[in-house]
Amino acid sequence: MKTERKIIVSENGKLVLKKITLACKDASGKDLYLFEPDKKKEKTESLYERMENNFLRIGLLKKVDMSTLSNDEVNRLIYKKHEKEDRFLKAGEKRGFNFGSDMDPDDILRFYISLTPEERVALNCKP
């Protein structure tokens, strides 16, 4: 039996195709399904993707093939990545940019543009 199905539901007077996932079975043996929160998840993923892409554009981060690295090396690289991001975001907050939980990923680029070449190098970005 499939754990995932699609059904047609009415939302605001319009027919919409929704995904549902098998959650569990009740005492009588009936299947209980839950709607998947697909839209919010996609928005969150695209937000983090946009942030990562902006960090790559400004040279703060680099793409690395981690398939050949040991777990210790991977952990060290991830820690280094978070340190770089944190330093950059804290420097932006000192200048008045909103890098809190509701930040706009484009603010990363706006802050980068406002930096001098020397400041960019100090934050490990492209000059």
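If the chain between Lys14 and Lys90 were fully stretched, how many nm would it gain, using 0.36 nm times the residue separation less the Cα-Cα distance?
Full-extension gain reported as 22.8 nm.
Structure remark: mean-square fluctuation, Gaussian network model of the chain, C-alpha springs under 10 Å; the largest value among Tyr48, Tyr112, Tyr79 belongs to Tyr79. Neighbours of Lys126, meaning other residues whose beta-carbon lies under 14 angstrom from its beta-carbon, give a summed charge of +2 when Lys and Arg score +1 and Asp and Glu score -1.
Protection proxy ranking for 115-123, 87-95, using the average of other Cβ atoms within 10 Å per residue and placing the highest first: 87-95, 115-123.
Provide the FRET efficiency to the nearest 0.05 for the Asp102-Lys81 pair, computing r from the beta carbons and using R0 = 22 Å.
Using R0 = 22 Å, I get an efficiency of 0.50.
Subtracting the Cα-Cα distance of Leu47 and Asn71 from their residue separation scaled by 0.36 nm leaves 5.9 nm. When the Gaussian network model of the chain links Cα atoms closer than 10 Å, the mean-square fluctuations of Lys19, Lys62, Lys84 top out at Lys19.
Around the Cα centre of the chain, unit charges on the Cβ atoms of Lys, Arg, Asp and Glu (plus for the first two, minus for the last two) sum to a dipole of about 280 debye. Taking other residues whose beta carbon is less than 12 angstrom from the beta carbon of Glu93, and scoring Lys, Arg as +1 and Asp, Glu as -1, yields +2. Note on the chain: Cα convex hull, mean projected area over all directions, 13.5 nm².
Since every read-out is calculated from the coordinates, none of them should be taken as a lab result. Quantities reported herein were computed from a predicted structural model and do not represent experimental measurements. Note: ideal-geometry Cβ built from the backbone for every residue, glycine included; neighbour counts use all protein chains shown.
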